[in-house]
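Below is one structure, written out as structure tokens, with a few remarks after it.
The values are calculated or read from the model by the stated rules, or taken from the named source; none is laboratory data. Note that the structure is a prediction, hence the values are computed from the model and not measured. A quick note on method: Cβ atoms are made from the backbone with ideal geometry, for glycine too, and the neighbour counts reach across all protein chains shown. When the accessible area is computed, the model is the full protein with side chains, heavy atoms only, and any ligands, DNA or RNA have been set aside. Shrake-Rupley method; radii C 1.70, N 1.55, O 1.52, S 1.80 Å.
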Amino acid sequence: MSKNYKLEAKDVNAFYGGFHALKNINLALEEKAVTAFIGPSGCGKSTFLRLFNRMNDYIEGFRLEGKVLLDNKDIYQKSVQVDELRKAVGMVFQKPNPFPKSIFENVVYGLRIQGISKKGILEEAAESSLKQAALWNEVKDNLHKSALALSGGQQQRLCIARALAIEPSVLLMDEPASALDPISTSKIEELIYTLKDRYSIVIVTHNMQQAGRVSDYTAFFLSGELVEHAKTKALFTSPQDTRTQNYITGRFG
Amino acid sequence: MTNAQLNRFKDKAFQAFGLFCTFFGLIVLAIFLLDILKEGLARLDWDFLTSLPSRRAARAGILTAWAGTLWILVMTALIAIPLGVAAGIYLEEYGKKTRMASFLEINIANLAGVPSIIYGLLGLELFVRQLQLGGSLLAGALTLSLLVLPIIIVTTREAIKAVPKSLREASFALGASKWQTIRMQVLPAATGGIMTGIILSLSRAVGEAAPLIVIGALAYVPFVPEGPMDEFTVLPIQIFNWVSRPQEAFLINAAAAIIVLLCITFMLNGIAVYLRYRQQKKVKW
Ligand SMILES: Nc1ncnc2c1ncn2[C@@H]1O[C@H](COP(=O)(O)OP(=O)(O)OP(=O)(O)O)[C@@H](O)[C@H]1O
Ligand SMILES: [Mg+2]
């Protein structure tokens, strides 16, 4: 282990009861880069992504073998506090899921649960994360309006702002634009582009063009296996595995 | 007849049958209500609400009965709501899905169906005799709490179950602990459902006579209870007592008291309907 990777999976196997969902996966992700996970539905992308912030812990019958490292530290060790881990690894879900509260309260939720209640700090954090998520100009006069009154695309950017407010170093995004219209989608893509200077980003997507546009690296999954992981350009122009080739040329999946 | 015609006919026939069933229940209820109103409304005045009971029908009032009902309602709520809601939260959120848990679950569901008089016998043995509370308000409220606890537990669990998974995940993903997630997201979202269950169960408790008679609540209490250890009566017992008298005047008293009891339960049900309506109106996500 000469190089320092941000995230690493070592001999990872995952099971839902008797179902073998992830098979022997070894993968290392660079810091401050965007990595896209692609692959047909049901191949295990979400399962794998959710390992990095331990969201699978709540699923009954889920079992993990192998190691998952963040900054070279095993995040499944007993001594690890899951809430501390999630401060470092933020997540954005497929469907926008704002809390039924005001825009402001959504953004500062992560800080409030840490016990931060100083108005000045919260307001500052809200403004800076809404700006990072390119939502500030649209909502700055309505911070105390219900988040549920926003459009789907705005809600998703709010969810990104909410994740950024706790200043994670990794951002996991599970098909963040699949429920959105083309304009909102391109806004999210631009946003990912600007965020990668500061965050290590992993994005699951079904949209090959999107993977091509936003990511530096791409990992292709098939039936629970990692088939290929390479620089995005290389993977799309000269895939090493015929299965990758078949998938990106649309011959199956 | 072709197949399609037959199907249409069956459709019509079922509609007619359903309409009949719906109206049957409503009409019976309406006749009963009209009958009660006709008989009792004239008797219902301020004096009737503020007089103590009496052997003479014309002077008798229901002050002690409705005061007792109010006492019982409030005390049962104070005992049963915290216990029931806490148990519901525990079973739904923390209880491991073990054999023991599913055994408990089935039994709680069964408890909701146990006849109320059985709870009365349990209350008599446990609260009146063992704990020596006598026929007091406290013994009555504890007994009725047992009666409504299963209902509150079950509805609390249902309401918590109905909170979308995405809301929990959002909270966890931001570093919230389980308890923080429950307190700040799950419970607020489930409040409407929980409140509905609480109110419906309380309105059931208000209408019970049998378990309270078993534990020794009296029909004739000549004073308004002033503390939880006082003896008491409640409206259903007063009604039962008057209905079983032969004199016409007492039957009229009973009808008037029924109107008051119905007002209380309709009011509680109205609040429950309103809460459910408000909850349905909330934006879904
Ligand atoms: N909670 C669960 N219990 C049992 N099996 C599950 C569970 N979640 C996922 N699976 C199974 O694990 C496999 C991988 O699922 P996963 O959600 O990771 O796929 P995915 O690649 O994200 O698919 P999609 O692109 O449709 O989101 C699927 O076959 C799925 O049926
Ligand atoms: Mg998925």
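Order B:W66, A:W136, most accessible first, counting only protein heavy atoms with a 1.4 angstrom probe. Working shown, then result.
Details: B:W66 80, A:W136 40 Å².
Order by accessible area, largest first: B:W66, A:W136.
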Largest first, how would A:M91, B:M195 line up by accessible area (1.4 Å probe)? B:M195, A:M91
Nearest 500 deg cm²/dmol is fine: what mean residue ellipticity at 222 nm does the protein assembly as shown get from its DSSP H runs of n ≥ 4 alone, each adding -39,500 (n - 2.57), divided by its residue count? -17000 deg cm²/dmol
Any idea what angle helix A:119-132 forms with the longest principal axis of chain A, computed on alpha-carbon atoms, 0 to 90 degrees, nearest 10? 50
With every protein chain present, what is the per residue accessible area of the stretch B:1-116 (1.4 Å probe, Å²)? 70
Rounded to 5, percent antiparallel among DSSP beta bridges of the stretch A:1-144: 100
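When only C-alpha pairs under 8 Å and at least 6 residues apart count, what is the relative contact order of the stretch B:1-158, in percent? Provide the component values of the computation, followed by the final result.
Numbers: 103 pairs, mean separation 37.4, N = 158.
It comes to 24 percent, rounded to a whole number.
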If I compute solvent accessible area with a 1.4 Å probe over the protein chains, what percent of it on the protein assembly as shown is carbon and sulfur? 60
Applied in sequence order to the stretch A:66-77, the curve 6.51 cos²θ - 1.76 cosθ + 1.60 (Karplus, θ = phi - 60°) yields integer Hz couplings, x standing for Gly and Pro, of x, 10, 10, 10, 10, 6, 6, 10, 5, 7, 9, 5
Taking R0 as 60 Å and r as the Cβ-Cβ distance between B:T2 and B:T191, the FRET efficiency 1/(1 + (r/R0)^6), rounded to the nearest 0.05, comes to 0.65
Over chain B, what is the mean sequence separation of C-alpha contacts under 8 Å (at least six apart), divided by residue count, expressed as relative contact order in percent? 26
Which FRET efficiency value, to the nearest 0.05, do you get for B:K97 and A:K10 by plugging their Cβ-Cβ distance into 1/(1 + (r/R0)^6) with R0 = 45 Å? 0.90
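Taking the Cβ-Cβ separation of A:S186 and B:S177 as r and a Förster radius of 25 Å, what is the calculated FRET efficiency to the nearest 0.05? If you can, show how the numbers build up before the last one.
On the way: r = 37 Å, r/R0 = 1.48.
That gives a FRET efficiency of 0.10.
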If one computes the Cα centroid of the stretch A:1-56 and of the stretch B:45-77, what distance in Å separates the two points? 70
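Suppose all protein chains stay in the model; what accessible area per residue would a 1.4 Å probe give for the stretch B:134-225, in Å²? Walk me through the intermediate numbers first.
On the way: 2800 Å² over 92 residues.
It amounts to 30 Å² per residue over the stretch B:134-225.
If you average 1/r over all unlike Cα pairs in the protein assembly as shown and invert the result, what Kirkwood radius do you get in angstrom?
Value: 28.1 Å, from the Cα pair sum.
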What does the accessible area per residue of the stretch A:26-91 come to in Å², with a 1.4 Å probe and no ligands, DNA or RNA counted? 43
Provide the per-residue ³J(HN,Hα) series for the stretch A:29-41, in order, calculated from phi with Karplus coefficients 6.51, -1.76, 1.60 and θ = phi - 60°, each as a whole number of Hz, with x at glycine and proline positions. 10, 6, 6, 6, 9, 9, 10, 9, 9, 10, x, x, 4
So, relative contact order of chain A in percent, Cα under 8 Å, 6 or more apart, is 27
For the stretch A:151-170 and the stretch B:253-269, compute the distance between their C-alpha centroids and round to whole Å. 53
Sequence order, the stretch A:192-204: Karplus ³J(HN,Hα) from phi using 6.51 cos²θ - 1.76 cosθ + 1.60, θ = phi - 60°, Hz rounded, Gly and Pro as x, gives 4, 4, 6, 7, 6, 5, 10, 10, 8, 10, 10, 10, 8
Before we go on, tell me the buried accessible area for the A/B pair, both chains summed, 1.4 Å probe, in Å² to the nearest 100. 1800
Just from the alpha-carbon atoms, what are the Rg and Dmax of the stretch B:1-40 in angstroms? 17.3, 57
Can you give the local net charge around B:L133? Use residues other than it whose beta-carbon is closer than 14 angstrom to its beta-carbon, Lys and Arg +1, Asp and Glu -1. -2
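For chain A, how big is the tail of P(r) above 32 Å, as a whole percent of Cα pairs?
Of the Cα pairs, 22 percent sit more than 32 Å apart.
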Long-range amide H partners of A:V227 with built H, under 5 Å: A:F220, A:F221, A:L222
Inter-chain Cβ neighbour average for residues B:161-173, partner chain, 10 Å: 5
Taking B:C21, A:C43 and ranking on accessible area (1.4 Å, protein atoms only), highest first, one gets B:C21, A:C43
Ranked output for segments A:7-13, A:63-69 by mean other Cβ atoms within 10 Å, highest leading, reads A:7-13, A:63-69
Neighbour net charge for B:L218 - beta-carbon separation under 14 angstrom, K R +1, D E -1: -2
